[in-house]
Structures are given as C-alpha cells and as structure tokens.
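Colleague: After the structure tokens below, expect a handful of questions from me.
The values are calculated or read from the model by the stated rules, or taken from the named source; none is laboratory data. It should be emphasised that the depicted structure is a prediction, and the values quoted were computed from it without experimental measurement. Because the Cβ atoms are built from the backbone with ideal geometry, glycine has one as well, and the counts that use them run over all protein chains shown. Accessible surface is based on the protein model in full, side chains and every heavy atom, while ligands, DNA and RNA are left aside. Shrake-Rupley method; radii C 1.70, N 1.55, O 1.52, S 1.80 Å.
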Amino acid sequence: MCLDMLRHKKKVLLLLLLMATGSIIYYLYTLKLERERDANVSSTTSRLEREISELQAVFESEVIPDLGALGRPARGNWTQEELEAMATSQRETGYNAWLSKRISPERTLYDMRHRSCKKLEYSLEKLPSVSVVITYHNEEASVLLRTLSSLRNRTPILLLREIILVDDGSSSVDEKLNDFIQIKFLNMVRQHRIATQVGLMQARVAGAQLALADVLVFLDSHVEVTKGWLEPLLDPILKNNRTCTTPIIDTIDYENFSYRRGKPSRGFFNWEFNYIQLPLLKEEAVAMPAPHKNPIMNGGLFAIGRQWFSELGGYDKGLKIWGGEQFELSLKLWLCGGQILEVPCSRIGHRYRDGKFQIHYTDKDKKKENKIIAKNYRRVAEVWLDEFKDKIFANMPHLTVLSVGNLAEQRELKKRLHCKPFKWFLDNLAKDFLNLYPIIDPAEYASGVLQSVSSPKLCLDRNESRHEHPKLSPCSSDHVFPRAEQHWILSNRRELRSGLYCLEVRNQGKDVRIFQCHGQSGNQFWSYDSKTRQVIAGQMSNFRQCLEAQPKTNSVTASVCDPKKSSQQWKFGYQNNQ
Ligand code: UD2
Ligand code: MN
C-alpha cells in the first residue's frame, strides 16, 4: 500500500516535471515568436518609413512650411526666375502649379463658418458613413495630394468609409504617386484607373459602382474641405433619403492659393446654358444658415444617397467628357421626386482656373470639345426642357444641327419615375428667374461663319491681333463650327456676337468695329435678311446700313444697302429658317 502510494507520487512528480518543462519550452517558443514578430514589425515599419520619406522627397521636398497657411495668399520674396516659372506654369495649366508644389498639402485653413454652425452638434453614430468619389484627368500631384490630405485631416474618421479615386484615362500613369497615395493614406484610398478617358460623368458612375457606403460624396480633384464640412451635408439626407446636398463653394485663388469666402446662392442656368447664381429668397436669407432649396447644383461637389443616385440612373450615358451633366442631374432630381439643398454650414474650397484659360480635355482640340459640350447640352434640353428647349436653341442655334444620339433610355426613365414637366420647375423653384432672364420670342437666329458671296473664300473674322478692327480671312472649312474668331452668332437680342465681342457701327455708320457686347442694342443691333442675304445694322428703317466686304483691303465697311451688290451678300453658316 505504502509502496503503491510512493509509486503514485513519483508518477505525479514526473508528470509535474514534464508539464513544467513543456511550459518553459512553450514560453521560450512564444518569446521567440514575439521577438521575430517585433523584428518583422520594426523592419516593416522602418521599410514603410523609408519608402514614405523617399516618396516625400519626390513629392513634398519643395514645400515651404507655413506658405499659404490658414488660407492666406501665398506670398514670398520670389526671384525674377521664380516669378517667370510661376507665369509659365499658369499659362500652361490655368493656375499657378509652381506655387502649388510649395504649399504644404497639410496646410491649415481659417474656419469661416457662420458662428451658429460651430455650435451645431451631431451624433456621429446616427449619421451614415460616406464613400467620397473623386475623378480626375491629368491632375497635378500636389493638387491631388492636398485634396486628399484635407479630407483625411478634416473628416471624422467614423464617417469616412473610403475615398475612391478614379483616374479617368490620364495620359500617363504616375506609379510613384499611386504608391505614395497608398502609403500616405494607408487603406483610406481605393484607386481605380480607366484606361481610356470616358469623361467625368461616366468616371463618376464607375466610382459610384465601386462604393460601399450608403452615401456618395462627389468632389473635384482640386478642392480643400474645411472644418465641419461633412456632418451638415449628411443631416438632411438622413431626414429624407431623396435629398442631395451641396456645400457653399469657396474659392481657392488660382494665382496665389488664398482661400476666399463664397456666397450662399440658388443655382440656375440662363438660356445659353451658363450656370448662374440667383440671390436667396427673402425668407431663406432670414433663415440663414439653415439649408435652402438649390434649383441647380454647380456640378462638382455634392452628397447623395447611393440608392437614390442609382434609381436616377446616375448620369445619362450619352453625356461625354465635360459639361451639362450638372443640369441633367439637377433637373432629374427635382422633377422625379427629389430635392437639392444648399447647406451653408458646409464649406468646400474649389480651385477654378484662369478664365482666359480654355479647358482642354480632348487632346487640346478645342473644336472637338465644343461639339461634345454642345451635344451634351442638346441632350439635356431635348429630354428635360420640354417646349422651353426652343429658348435655348434660339440662343444656341448650332445645337440643333448636331446629331443628338439615342434618347430612348432617358425618355423611358422619365416615364418610369413619373417625372414632372419643366414648367413645374420654373413655377416652383424660380419664379424670380423669369423676371431676371425674360423669355424673348426667338427672332431669326443664325450661327457659324459669315461668308462673303462676292469673295467666297473669305469670311468675317473678329481679328484677335488688331483689336477692334474686324477683317476678312480665309474661311474655316467647317461653316457651322468654324474657329472661334470666325464664329458669329446672331443672338435673339439681335447682336452679332463672336465670343464676348460684338460687331458695332461707329461714326454715324462709317466704321465697323468690334467691341465688348453692351447689351443695349443701339449701334450693336443687327439683323440678317435671309432672302437678300444682307447683314443689316440699325433698328430704324431710315438708319439701316449693310455690311460690305472690301476684299482688296481684307476689311469690311457699312454702306447704303443695295440688294444688287454681291459684296453686301453673306452666307451664314446655319440659319434656323433654312
Ligand atoms: C464645373 C464643376 C465640375 C463639372 C463641370 C461641368 C464645380 C466646382 N465644378 O466645372 O464638377 O460639373 O462644371 O461639367 O462645381 N474630369 C474627368 N474626366 C474628364 C474631364 C474632367 O475626370 O474627361 C474631372 C476633372 O479632373 C475634375 C472634374 O472632372 O476633377 C471636373 O472638371 P473641372 O474641374 O475641369 O470642371 P470645373 O470645375 O471647371
Ligand atoms: Mn473643378
């Protein structure tokens, strides 16, 4: 019995010894694993750190600390050489790209919200999270990085599910920049490249299709968001999921990158499809900074429920490259049961471009681009403006000679969603609009070249090089979409316009000159008689004179009208009564 107990004790002891040894071995093993992991982690961290600093050297080494901080104008004691570099970069891109590289992507911005906005409190758990969709075509690295940094630095992390960055067929892929974005913003940014440019509309739709969050926020690639920008944009969507919200768009100066306050407004378009801003209604101004109705969004910066965006079919697939999509989406939103609210407590800065700088998204071929934009406009007018489309066509007659493509899908959608007519939009959202932009009955209108009948190789040219003196120059081959200096529009105000300039008579009709359009009729009043082909100046019959070609001097004069004179006869590129 005693012997048995002794044997048993020995066994227990042995077992205990075995267990202890096992534990020690296990402990040592885990210690080793931990050490290895630590070594791995620190080698990964140092690798990451190394990579970051290498890439920082590529993209951020020129940054001058505090330059442009708080959104102040970025000024410095620049040398002559530096000033020239700035001017060159601005000529090439429409903004001071040279300076942009020197302003920190993490720069601070002054909080310019209305004081009552700063007091608003939101419960972040209740607000939906967002997928920010940014599309770009050939965007400058420093600009893109500042856009992303501002988002990371000024968005509550709980609400920012992801940033989807869509490269819409930029001419070259910057692998280094892509790596830098991945490392710098870790798993916040998802990059998607579309190999061949599809235009901002379809690129945004592609981004939206990748999105995971319930709310989409679309932004241009050259913006900076400011403190508290997101929460007030989400609140109205939470209350009504067919709401689209827009921030106040502040201005980032294209020359010195200063951050300037934008005004609250109600967006609209005039009868030439230019985006315009109407003043707030009285009651809206009083209720500031509460959200107010925004008939037409500016286009680039807005938040919308993912589901609602998809029910609306995203953007019309026939819209290409750039332009007009803001009208399409806004009209569709309002007419098909939704609403757009501008939210003054949310402010985002947008860097516009120098107005003199023309956008070039199609291989620098301006003419091709104008045609694409014109076609986009025509599609929007045909589908959404009903009988009011004629008001647009009266000002932009060239739209009517373009092939508009298939509209069946858009019309089907309009029916399916029981969308209201455009008249409802005018009556309910912009009664003041018609007072500001009255509908003038379209008179005869025409657009394109003015080709001399007596010298058919020559066309009227606004003569960019010799200010104010129009001339005759060899006609562009395309008579409806000629080059800009030969493109004349007989507007429904009866101006003979080329861009911002108008043809006018001076010295009791002796001289014909080019001057900025003054909109006062008078010496800028013209008509075109399609029977006699005369271009006639003056409103009163006793004051009428006709435009006459002087091919010997390649100039034009105004003379007593004589229908037999072929030098007074002109062919217009396109006339509405043809
Ligand atoms: C305004 C809008 C813009 C858009 C445009 C009309 C604002 C602040 N901006 O002009 O969002 O609605 O009106 O269409 O409201 N892009 C592409 N692919 C292209 C062309 C452009 O991804 O083929 C990108 C471009 O890089 C930019 C965005 O689309 O991020 C808008 O283009 P923009 O900045 O030239 O337009 P913007 O601000 O002059
Ligand atoms: Mn833009």
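Colleague: Enter the angle in degrees (range 0 to 90, nearest 10) between the Cα long axis of helix 200-210 and the first principal axis of the Cα atoms of the chain, meaning the one along which they spread out most.
Modeller: Orientation of helix 200-210: about 20 degrees from the principal axis.
Colleague: Of 45, 135, which has the most accessible area and how do the rest follow, probe 1.4 Å? Don't skip to the answer; put the middle values down first.
Modeller: Numbers: 45 60, 135 20 Å².
Final ranking, largest accessible area leading: 45, 135.
Colleague: Hey, got a sec? Which trypsin sites (Lys or Arg not before Pro) in the range 11-82 land in a DSSP loop and have at most 12 other Cβ atoms within 10 Å?
Modeller: Working: sites: 11, 32, 35, 37, 47, 50, 75; in loops: 75.
Sites meeting the loop and neighbour criteria: 75.
Colleague: Using the Kirkwood radius over C-alpha pairs as Rh, can you work out the diffusion coefficient of the range 121-279 via Stokes-Einstein at 4 °C, viscosity 1.567 mPa s, in µm² per second? Can you show the working numbers first?
Modeller: Values: Rh = 17.0 Å.
Calculated translational D: 76 µm²/s.
Colleague: Tell me the Kirkwood radius of the range 123-169: reciprocal of the mean inverse pair distance over distinct alpha-carbon atoms, in Å.
Modeller: Numbers: mean 1/r = 0.0847 Å⁻¹.
Value: 11.8 Å, from the Cα pair sum.
Colleague: Also: Rounded to the nearest 0.05, what FRET efficiency do residue 293 and residue 12 give with R0 = 51 Å and r taken as the Cβ-Cβ distance? Could you check?
Modeller: The value I calculate is 0.05.
Colleague: For the pair residue 174/residue 508, report the inter-label distance in nm, with labels modelled 7 Å from Cα in the Cβ direction.
Modeller: Once both label points are built, they end up 6.4 nm from each other.
Colleague: Here is a follow-up. FRET efficiency for residue 57 and residue 19, Cβ-Cβ distance as r, R0 = 41 Å, nearest 0.05?
Modeller: Numbers: r = 56 Å, r/R0 = 1.36.
After rounding, the FRET efficiency stands at 0.15.
Colleague: Give me the 1.4 Å probe accessible area per residue for the chain, excluding ligands and nucleic acids, in Å².
Modeller: Details: 29020 Å² over 578 residues.
That works out to 50 Å² for each residue.
Colleague: Taking all protein chains as present, what is the carbon and sulfur share of the accessible area of the chain, in % to the nearest whole number, probe 1.4 Å?
Modeller: Details: 15480 of 29020 Å².
Solvent-exposed carbon and sulfur of the chain make up 53 percent of the total.
Colleague: Just by accessible area at a 1.4 angstrom probe, what is the order of 371, 317 from largest to smallest?
Modeller: 317, 371
Colleague: Assuming R0 = 35 Å, what is the FRET efficiency of residue 356 and residue 80, from their Cβ-Cβ distance, to the nearest 0.05?
Modeller: Numbers: r = 23 Å, r/R0 = 0.66.
My answer for the efficiency is 0.95.
Colleague: Under a 1.4 angstrom probe, counting protein chains only, how are 139, 162 ranked by accessible area, largest first? Numbers along the way, then the final one.
Modeller: Numbers: 139 35, 162 5 Å².
Largest accessible area first, the residues go 139, 162.
Colleague: Net charge near residue 15: determine it from the other residues with C-beta under 14 Å of the C-beta of residue 15, scoring Lys and Arg +1 and Asp and Glu -1.
Modeller: Values: positive: 7, 9, 10, 11; negative: none.
Net local charge, residue 15 excluded: +4.
Colleague: Which translational diffusion coefficient, to the nearest whole µm²/s, is obtained for the range 88-204 from the Stokes-Einstein equation, given a Kirkwood hydrodynamic radius over C-alpha pairs, 37 °C and 0.692 mPa s? List each step's numbers first, then the result.
Modeller: Values: Rh = 16.2 Å.
Estimated diffusion coefficient is 202 µm²/s.
Colleague: Just need the Rg to Rh number for the chain, please, alpha carbons only, Kirkwood Rh. Can you show the working numbers first?
Modeller: On the way: Rg = 31.8 Å, Rh = 27.7 Å.
Ratio value, two decimals: 1.15.
Colleague: Quickly work out the residue 49-to-residue 550 label distance, labels modelled 7 Å from Cα along the C-beta direction, and quote it in nm with one decimal.
Modeller: For the pair residue 550/residue 49, the computed spacing is 7.9 nm.
Colleague: Need one number: nm distance between label points at residue 110 and residue 70, each 7 Å from Cα along Cα→Cβ, rounded to one decimal.
Modeller: 0.7
Colleague: Also: Please identify the GluC sites (Glu not before Pro) of the range 463-517 that satisfy two criteria: DSSP loop assignment and at most 14 other Cβ atoms within 10 Å. Which are they? Walk me through the numbers on the way to the answer.
Modeller: Numbers: sites: 464, 468, 485, 495, 504; in loops: 464, 468, 495.
Within the range 463-517, the qualifying GluC sites (Glu not before Pro) (loop, at most 14 other Cβ atoms within 10 Å) are 464, 468.
Colleague: Still on this structure, I have one more. Could you compute how much accessible surface residue 557 exposes when probed at 1.4 Å, giving the result in Å² to the nearest 10?
Modeller: 40
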